[in-house]
Structure formats: structure tokens, C-alpha cells
Amino acid sequence: PEYGVSRGCLLPRHEILGPEQVSDRVRKELASSLILVHGGMAQDVGPILEMVTEKYLLRAGSEWKARQAMRGIFDGITDSLADGDIRRLAEYTTENWNGPLKTIIPWVTNRFTETIIHRARAMLGPQFWGFLMLGGMSGGGMGLFVDPARRASFHDELTELMRQTKHELDDALPFAIEPVVYDFRINDRGSVAELKSGTAAHMPARYYAIQVPALSRLPRESVPLLRRADLDNFTSRGEDAAELLRVLRVMVNHMFPAPGAIIDAEASGAREEVAQIKRDNGFDAVQHEQIREDLKRGRIGLSRNRLPADTEIRDIEPGDVIDVQAGCPNDAVRTGTEALRNGEAAVVSLAAGVGSRWTRGAGVVKAANPFVSLDGAHRSFMEIHLAKSRLTSGRFGVDLPHVFTTSFLTHGPIAKHLRLNDNHGYAGPLFLSPGRSIGMRLVPMVRDLRFLWEELPQETLDEYKQKVRANIRAALIAWARERGEASDYTENVPQQCFHPPGHWYEIPNLLRNGVLARLLTERPRLQYLLVHNIDTLGADLDAGLLGLHIRAGDTLTFEVIPRRMGDLGGGLARVNGRVRLLEGLAQPRESDEFGLRYYNSMTTWVHIDKLLALFGLTREHLREPEEMIAERVRTVAARLPTYVTIKEVKRRWGHGQEDVFPVSQTEKLWGDMTSLPDVACGYVVVPRLRGQQLKDVAQLDPWANDGSLEHVRNLCRFA
């Protein structure tokens, strides 16, 4: 659409500012006042660049005006350089950061960057001149302008400041390295390259030290002729014998690591840590052995996740749901209001998962991720949910209990961020529900690997890449057979050998860890729980929906939303005539999902006593020994399907060597509670603004622009 209109090109038209425009004196003043840093963050800027391009092509109003404002700022920057006024230059770069950049890309900033700027300004006062953004998103390359008289001493202070801030946020934001303050000089040559030919045409020695171990794993005929010729040239004609010897050492260490270089969780040093993780998180050895046996006998597996092909799956009928998109009935609102004022409800936010899709696998706890700026500060998922509970508490005159469920992956970081932020100012009862269920990863079954690679849809690669992929897969199958199919995966650090067993366990964990017993002791009137995912930001304790749940008398009431094309992973269906939630893993055909009108938001209203009855428990039983409760949980769990998934796990060893292995995990999902015939379930269609989930950073801009952000803002009262 921009053809013939856009003035853009791959290398923009530009002008080099030589000594005539910017004198040597000004260059020295610029270098003596600018501190260049890398904050250590590593983020996927792809979704951000897509947002920017989309707004440019659509000529979005406020963003287009911001682009025009940038033209004036650019002229001010060049004039400041010509005049040698570095302080005015810093004011222009700061104006560009706070104005046009944040208008065009609201996600360009984050709590780490804003904290660094705020603390640096407080430390330096008038000697802090400004901020310079150097990338698609902040947290990586950045610059700070300071008074030259203060630059040398602030250099080291800034290093400590960034490291301290990273330590506070390192499990909430994706950091890849420790923050760095650079020593730099202005480069008047720009980017240059040197063309080498003949025997001198080879890469640096360290390049081959990294490449050769990977190539050595491939059959000789799979290595391209050009690569072989390059290696021969390097080894035959390299003149620095000492450098060749260093490369040889690194190569040997990569190819034949010493026994201590590979971490094994079953080694004596790690065995106690493995045992401690099992004790602390309720590892169920009986259930684990049952899973192993079921895998070996083929009772569960990737191909067994799906319902039989002859299962009848149809969309629901109008009478199967209550549609409240236009609002709840007045009598339901009155019933819910009375229950809230009597202290009969509490909120449970599911925060046991790390949300790997949100940060593309970075070791970040999603609940603590400060992803959006609201009312002048970056807010995390946790803080937003507590702000909603604060508003509800004030509206109904009750201290609303709020529970965050956690796991061995998230409990420590969530507790840390609540402590650092004084519970985000939440004055009501706040509980953490630590995980009492944990699964141990297994070496996958060969039949599951073959099903994953041969039966499920795969991208076809070019001939060479296809060969490499086939060789890698053959090696992994050989590895699985050698280690023992369905044996415990232990060739890693202890934490990487375990996994959360699925979000179904997060509610039974409340029964096992004593949190529900404590809640009911302190709040004997408590009857209902609102359970929702941490990323369902529009869900709150709505009086009308609570009233509908109370009047229906069901054990569980699930909220569903109208489906859009991007909503994948489950829906509301009639399965062999029975209305239930159908998980994406269980669908016999991928096309089945697109015939279902309503998507499962996972938000659930729970009647506590009826749920306890399902487990054969009463309120008094919650004070019994945990093993008795665990046995009741195990009995119900056995009635639900067990899904098998294959995950890739990284193992780092030796001199920076990294391998990726497939492992087998099992999980049980909360939506399958609707498949139990003795569980009374209801279904309510709610507005999309309430039930929409944020699973991927690419959803942020649509979420901010379709009214969802403003909807969430109106539900919150921040401290």
C-alpha cells in the first residue's frame, strides 16, 4: 500500500556531519558528557516493529502527529550539534523519548528503564542532562547525558545502580546479561569491511572452535564442500601455532567434555536438592509410577490425547448458556451484592505458570512482569488484580481475601515482589497458595517422538536442512532408547528435571497446603471463589455474575466469550450430546475448534462446599493430615484425562556448550472438570473485554486499542 508514496528505503538518505559541521571541540564535549550503557535486557522486538509498521501504513492519527513532531526535534538536534550546545541536545533527545517515541510505541519503555532514569536524576540533580534511546525497545542500548564534571565518578555509580535495579527485577523482566557501562570513542570511519582473498580468506580462529564440534556430529557427506574447503584452508595455512593450539583445546573440550562438565541431577551433589524439591512441592511417587506405567503400556501418549475420531462434536444450542453480554438481571445483581457484603466471596488468581509464551522462553515470572503503564507507573499482572480487589472491597465495604496460587517455579519470585512492593499497598487478606503437586520429566517414548515429527503437520525445509533435521531426530531417538524410554530425565540441573503438572492441580493445592482451611477459619461465611488466570485482566468479582452462580446452585460456573480467529486452545461444545468444555489437546481434528462459537476464558465461579463434596471432604476434613487429602485428590485426578506433551529443554555444559533435548511431560487441565457427570456446571457468556486473555506480547497493541485497557483501568484503584 505504500508503493509510490513512501520515501523510505533500505539505507536512508543521510548526510555525514564532518568536522565542518561538528568541530573536534564539540565531538570531545559530546563524548565527555555521554555515558553509553547496555541494561542487560533482551526482548523480542518483532511484535513491536509490527505495531510500528501497522500504525505507519494506517496513518494512525496521534502516531502520525508524533512523527511530524519528531521532524522538528531532529532539526533541533542537528542545530544543537552545530552550535556545540550538548545540554540542549540532551533536552531534545529526552523530549523525543518522553513524547513521540512513547506515543508511537507505548511499549518502548519499561519499569527497569524508568527506574534507572528516575534514580539517576535523583542522584545527580541538575547535573543530569537527559536520556537517549538507542534501540527498538529500551533496556538494552541506552545513553545518559550528564555534566562532564560528574561523568567520571558517575560511571561506576551507574554500574552499581543498574545492577541493583536488575537484581530487583531480574525475575520479572527478561535479562540476558549483567548491565554494562561502555568505554567508547566516536568512530569517524563508520562501519568498514576488509576483503580478504586467497589463503588469507578465513574466519577468526574462535569461529572454528565453535563450529567444528557441531559439524563433527554430522556424517561427512552432509557437510557442504565449501565448509570442508574453508576448514582445510584454516588448519593447513594458519600461521599462529599458539592460536591453533588454543582452538584445538576448546574443540576437544566441546567434543569430549570431562565427566564433571555435564551436570547430572542424580549426581551426589545434586541428589539432595532433587529430594528437597520433591519434599517441598508434594511430589506424588505413587502417581508418578502410574504415569510411567501408563506411558510404557500405551494407555497415554501424544496420539492418545485426542478423543476418538468418531466422537460427535457439535456447537452448543441457545439454551445451553446464559448470555449476559448486555448485563446481568437485576435480581442476580441484588443476590450477588448481598453475598459480597456478607463476606461470602474471595478471589483466586492462578499464577503457578511462568507464561513462557509471554517472554518467548525467558526465565521470567509472568505474574510479576510490569508490562503496562497505568496511572503513571508500570503495573504487573499481580498489581492490577490487587487493584481490582481494592476497588471491590471499597465498593462493598468488605476486606476481600485474595489468593495467588504458586508453584516451585513462581513462589519465591512472587513472594519477593510482594515483599519489595509492600503487597502493592493491598490492605486486605492476601495469601500465597504454594504448589503441593509437581511432576518429574521423563525421557520420551520413541512412538511419541515419531508421532510428533511424522504425524503432526511439519514445515518442509530445503534438501540440506531437511537432511540435518533428519539426522538430529535420528540421534534423539537413539538417545531416548539408550537412556530408557519413560525413565526419569536427570541429565540437567535439578530445577530443569521437574515441571508443573497442569492448572487442574492449583485448586486441589488449596485443599492440601492448608490455605483454604485457614481462609475458612478466618472467614466462616466464605462460600464462593472466583478463580481466574493471571492474564485474564478483565475478570473481577462482579455482583451480577456471582448472583447468577448462587441462584443456579451449580458446583462450577464457567465464563466463556465469543470466539475470534486467534482464540485457540479450547471451547464450549456438545460432545456426544453432553455440554462441556473441550480442551484443544483433546480435539480429534484441528478443524473442530473453528466450529465452536464460544471460547473458554478459564474464569470459574466455585461453590466451596459442593467442590469439597466432590473430593469426599467437608470443611472439618481440611484440618486432617495432608496424606488423607492427597489420597482424595488422587482419586478425583484418576477420573480425568492425562495429556502428554513434548517440551524442549536446554542443557548447558562444558565451555558454553548448549544442547536441546525433548522431554515428556504430563498435565491435567481444569476445563475437564466439565466432563465429570456428577459435577453440576453452568456456562455464562460474558463480554470479550472481561474474558480476553493476554498470552503474547503481540496482543498488547490490539488490547490497548480495542477498549480493553480502559476497561481494566476502570476496574482498578491503585495504591
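Things to note:
- Checked against the criterion of being touching a Lys or Arg at 6+ places or on another chain (Cβ under 6 Å) and either at pLDDT 90 or above or over 30 Å from THR521 (Cβ atoms) (or both), segment 291-314 contains one or more residues that satisfy it.
- Which listed residue, of LEU529, LEU511, is farther than 15 Å from VAL686 by Cα and not in a helix (DSSP H, G or I): LEU529
- Total residues in segment 278-306, condition without any contact (Cβ under 8 Å) to a residue 60 or more places away in the chain and assigned to a loop (DSSP other than H, G, I, E, B): 1
- When residues of segment 335-354 are limited to those that are small (Gly, Ala, Ser) and part of a loop (DSSP other than H, G, I, E, B), the one modelled with the lowest pLDDT: GLY353
- If you go through segment 568-588 and keep only what is touching a Phe, Trp or Tyr at 6+ places or on another chain (Cβ under 6 Å) and open to solvent by less than 30 Å² (accessible area, probe 1.4 Å), you end up with GLY571, LEU572.
- Pairs, first at positive phi in segment 377-406, second of a type outside the set (Asp, Glu) and modelled with pLDDT under 95, C-beta under 9 Å, six or more apart: none
- All positions within segment 545-598 that are basic (Lys, Arg) and in contact with a strand residue (DSSP E or B) (Cβ under 8 Å, 6 or more places away or on another chain): ARG563, ARG564, ARG574, ARG580, ARG597
- Evaluated against (1) open to solvent by less than 50 Å² (accessible area, probe 1.4 Å); (2) out of contact with any Leu (no Cβ under 8 Å at 6 or more places or on another chain); (3) without any contact (Cβ under 8 Å) to a residue 60 or more places away in the chain, LEU218 falls short on exactly one condition, (3).
- Output for segment 23-46, where each listed residue is surrounded by fewer than 19 Cβ atoms within 10 Å (Cβ to Cβ) and in a loop (DSSP other than H, G, I, E, B): SER23, ALA42, ASP44, VAL45
- Applying the set (1) under 30 Å from the mean Cα position of the chain (by Cα); (2) surrounded by fewer than 22 Cβ atoms within 10 Å (Cβ to Cβ) to ASN533 leaves exactly one unmet item: (2).
- Scan of segment 1-38 for residues that are farther than 16 Å from PHE184 by Cβ and at pLDDT 80 or above, ordered by number: GLU15, ILE16, LEU17, GLY18, PRO19, GLU20, GLN21, VAL22, SER23, ASP24, ARG25, VAL26
- When residues in segment 187-202 are screened for being open to solvent by 60 Å² or more (accessible area, probe 1.4 Å), farther than 30 Å from LEU17 by Cβ and either assigned to a loop (DSSP other than H, G, I, E, B) or touching a residue at least 60 places away in the same chain (Cβ under 8 Å) (or both), 3 of them pass.
- The set of residues in segment 142-158 being under 34 Å from the mean Cα position of the chain (by Cα), closer than 14 Å to LEU89 by Cα and outside any strand (DSSP E or B) is empty.
- Applying the criterion of at least 3 residues that are buried (at least 18 other Cβ atoms within 10 Å of the Cβ) to the helices (runs of 4 or more DSSP H) found wholly in segment 403-495 leaves 411-420.
- Segment 407-441, residues that are among the hydrophobic types (A, V, I, L, M, F, W, C) and free of Cβ contacts under 8 Å to residues at least 24 places away in the same chain: ALA415
- With respect to (1) open to solvent by 10 Å² or more (accessible area, probe 1.4 Å); (2) under 30 Å from GLY547 (Cα atoms); (3) outside any strand (DSSP E or B); (4) not polar (S, T, N, Q), the lone exception for VAL712 is condition (1).
- Failed item in (1) more than 30 Å from the chain's Cα centre (by Cα); (2) open to solvent by less than 10 Å² (accessible area, probe 1.4 Å), with SER601 passing the rest: (1)
- A single member of ARG564, ARG574, ARG623 is within 31 Å of the chain's Cα centre (by Cα) and among the basic types (Lys, Arg), and it is ARG564.
- Residue within segment 163-186 that is more than 36 Å from the chain's Cα centre (by Cα), over 30 Å from GLY355 (Cβ atoms) and either of a type in the set (A, V, I, L, M, F, W, C) or not in a helix (DSSP H, G or I) (or both) present: yes
- Options ALA309, ALA326, ALA332: the member that is more than 34 Å from the chain's Cα centre (by Cα) and either part of a loop (DSSP other than H, G, I, E, B) or touching a residue at least 60 places away in the same chain (Cβ under 8 Å) (or both): ALA332
The values are calculated or read from the model by the stated rules, or taken from the named source; none is laboratory data. Computed from a predicted structure; not experimentally measured. Glycine gets a Cβ as well: all are built from the backbone with ideal geometry, and neighbour counts include every protein chain shown. Ligands, DNA and RNA are excluded from the accessible area calculation, which covers all protein heavy atoms including side chains. Shrake-Rupley method; radii C 1.70, N 1.55, O 1.52, S 1.80 Å.
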